[in-house]
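> My questions all concern the structure below.
What follows draws every value from the coordinates through simple rules; no lab data is involved. In this text, all values refer to a predicted model and were calculated from it rather than measured experimentally. Virtual Cβ from ideal backbone geometry, glycine too; neighbours counted across all protein chains shown.
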Amino acid sequence: MNFVQPIRDPEEIQQLKDYFKEKSLRNYILFIMGINTGLRISDILKLKVEDVKGSHISMREKKTGKQKRIQITAVLKRELKWFIEEREDNEYLLQSRQGKNRPIGRSMAYKILSGAAAEFGLDEIGTHTLRKTYGYHMYMQTKNIALLMEIFNHSSEKVTLRYIGVNQDAMDKAMSRFKI
């Protein structure tokens, strides 16, 4: 099993945003949806235009079956506005080029992200990186681990801290100072 990491460096995130925006608007929306909502890739891919028109995304999570309601940030709302303005409500947000009104698949989402990671020399990047990046930066900005536990449906703070890579950062820092 490959472990993926969050993208911790805000500068790298901005570089990736610029890269995606230049290459493909669909892929840019995929990236910013993931890092701004914390949704799993399976939930992002099934979103339709109508799901992102309001102030919140309301959905039933594919993995857990739980109902979820997520506020769309002002920045994300602004980016989505121009992306969806000429589109029908029933269209998938992230459309595949294969067939009519089909979303891209998980493997295509992985290819998109891993291709960009290779361009920038980033390791341990996958579709789950988006969710972990959201969690990492939400934690760094709020330090509210209980909130993240709720968002991610985790059972303990320990699980959440490990999930978003904060424990790994602490271990790496300790090891870099360690000597005998």
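> Could you list 160, 133 so that the one with the fewest beta carbons within 10 Å of its beta carbon is first and the one with the most is last?
If I rank by nearby Cβ atoms, fewest first, I get 160, 133.
> To the nearest 20 debye, what charge dipole does the chain have about its Cα centre, counting +1 at the Cβ of each Lys and Arg and -1 at the Cβ of each Asp and Glu?
Value, rounded to 20: 520 debye.
> Of [x] 41, 36, 31; [y] 64, 35, 31; [z] 71, 36, 30, which one was derived for Cα extents along the principal axes in Å from the structure shown?
Correct label, based on the coordinates given: [y].
> Going through the cross-link list 111/143; 46/143; 132/173; 100/132; 17/158; 53/132, which pairs have a Cα-Cα distance over 22 Å in this structure?
Check vs 22 Å cut-off fails for 111/143; 46/143; 100/132; 17/158; 53/132.
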